[in-house]
Amino acid sequence: MTSFSSYNFNGKKAIVRVDFNVPLSKETLKITDDKRMRAALPTIKKILSDGGAVVLISHLGRPKNGPESTFSLKHLCTHLEKISEAKVNFTPDCIGIEAENAAENLKTGEILLVENVRFYKEETNGDLPFAKQLSRLGDCFVNDAFGTAHRAHASTTHIASYFKSENKMCGLLMNAEIESAKKVMEETKRPFTAIVGGAKVSDKVLIVENLMKKADHIIIGGGMAYTFKKALGGNIGNSLCEDERIETCKKILENACEKGVQIHLPVDSIIANEFSKEAKTALKSSAEIPDGWMGLDIGPEAAVEFAAIIKASKTVLWNGPMGVFEMVAFENGTRSIANAVAEATQNGAYSLIGGGDSAAAAKQFDVVSQISHVSTGGGALLEYFEGKVLPGVAAIGQ
């Protein structure tokens, strides 16, 4: 394995797999959040400052039938040129003579952004000949796309097999993501509190089971909390519930008790008579929700209890919101968690926020700068904490 920081890119054309899967407005196709692009800048700038050139490979969205203008990476060029302060070239294909010629003619200090690799089904199929064609675009390969590290796709994993070990490496963002995850799971300072939220138990069963090997406290919120409440005999009204997972919840609670892990469920909830920002709301015990009503946020008592646990922690992992924080009436629970994680961090804790909704909540409640690390990869981080090997990392030999 080669160290990115010590590698000399002078005179090299470096293929960098980035995660530029950024949101675009439907009307203007303008970037609405460039966080993932900015996260890749340190890697890009290191290569350029060494005297190299950069060939960027990425996907955007989930195109179904080949090229679609809506998902073209050409919409990113102007903004990329602005934030990178480098000339950005674009080629309307990611393989073939045109792309190879564009890479060959790329000058030192310049960037070439090739078209969306997912315009080819061979990308997601992990096609080796396709990966080989991509590998022709540069002299070395840098994987800096943590957000897709859990996918064994052609450009995230198989392309690495066409480079010698000394010419393939993880970029600065990928290394930072891996190091932050290791600080939580391998260099744990105690007490360690994991906050797990979101809609479904089925999405988080493996992470909860794996976290029980490490965590002192597991806080469970969001829609998934109500399946646990029902498993304990509570009345949850019309709240989200996976009846087929009730036995799983019971087993998790039993195992936690045996391992000495404290699982915390919300004692109270903000409930609504419909899933709407105009809904009538009320405060109820999470185990006494009337029929026709549903829990859409943790209540104030739960928020205070959870915040106290978080603030007393030395390691904090947060993956998933406490409620429907996108609606003002149901944002307070998630806001209280965000503020508690920020306060714990200021008091010396190491905090890691998973990507996706948790990262969006951290941004919405303006605590990003107060967190140790906010991950760019929700799915990849989730699989890491489930104990799975990430193909994109394994392919580099890290």
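Miscellaneous remarks
- Wholly enclosed strands (runs of 3 or more DSSP E) of the stretch 76-178 bearing at least 2 residues of a type in the set (Val, Ile, Thr) and without any contact (Cβ under 8 Å) to a residue 40 or more places away in the chain: 88-91
- Scanning the stretch 171-198 for residues being among the small types (Gly, Ala, Ser) and over 17 Å from Gly320 (Cβ atoms) gives a total of 3.
- Subset of the stretch 91-107 that is β-branched (Val, Ile, Thr) and in contact with a Leu (Cβ under 8 Å, 6 or more places away or on another chain) - its residue that is farthest from Ile44 (Cα to Cα): Ile95
- The residue list Val368, Val393 contains one member that is assigned by TED's automatic domain parsing to the domain that holds Thr315 and β-branched (Val, Ile, Thr), which is Val368.
- The single residue among Glu166, Glu123 that is at pLDDT 95 or above, within 21 Å of the chain's Cα centre (by Cα) and of a type in the set (D, E, K, R) turns out to be Glu123.
- Among the residues here, Val341 qualifies as crowded, with 24+ Cβ neighbours inside 10 Å and either in contact (Cβ under 8 Å) with a residue 24 or more places away in the chain or in the same structural domain as Arg38 (by TED's automatic domain parsing) (or both).
- Residues that are more than 25 Å from Ala360 (Cα to Cα), surrounded by fewer than 17 Cβ atoms within 10 Å (Cβ to Cβ) and under 25 Å from the mean Cα position of the chain (by Cα) within the stretch 42-67 comprise Lys45, Lys64, listed in sequence order.
- Those residues of the stretch 357-398 which are modelled with pLDDT of 95 or more and charged (D, E, K, R), in sequence order: Asp366
- Just one of the numbered conditions (1) more than 28 Å from the chain's Cα centre (by Cα); (2) over 30 Å from His373 (Cα atoms) is not true of Lys229: (1).
- Any hit, the stretch 361-368, residues being farther than 26 Å from Ser202 by Cα and either in contact with a Ser or Thr (Cβ under 7 Å, 6 or more places away or on another chain) or of a type in the set (S, T, N, Q) (or both): yes
- On the stretch given as the stretch 31-41, residues that are part of a loop (DSSP other than H, G, I, E, B) and either modelled with pLDDT of 95 or more or surrounded by 14 or more Cβ atoms within 10 Å (Cβ to Cβ) (or both) total 2.
- Gly66, sole failed condition from (1) modelled with pLDDT of 95 or more; (2) over 29 Å from Phe385 (Cα atoms); (3) not in a helix (DSSP H, G or I): (1)
The values are calculated or read from the model by the stated rules, or taken from the named source; none is laboratory data. What you see is a predicted model; the values in this text were computed from it and never measured. Here Cβ is always computed from backbone atoms with ideal geometry, including for glycine, and neighbour counts include all displayed protein chains.
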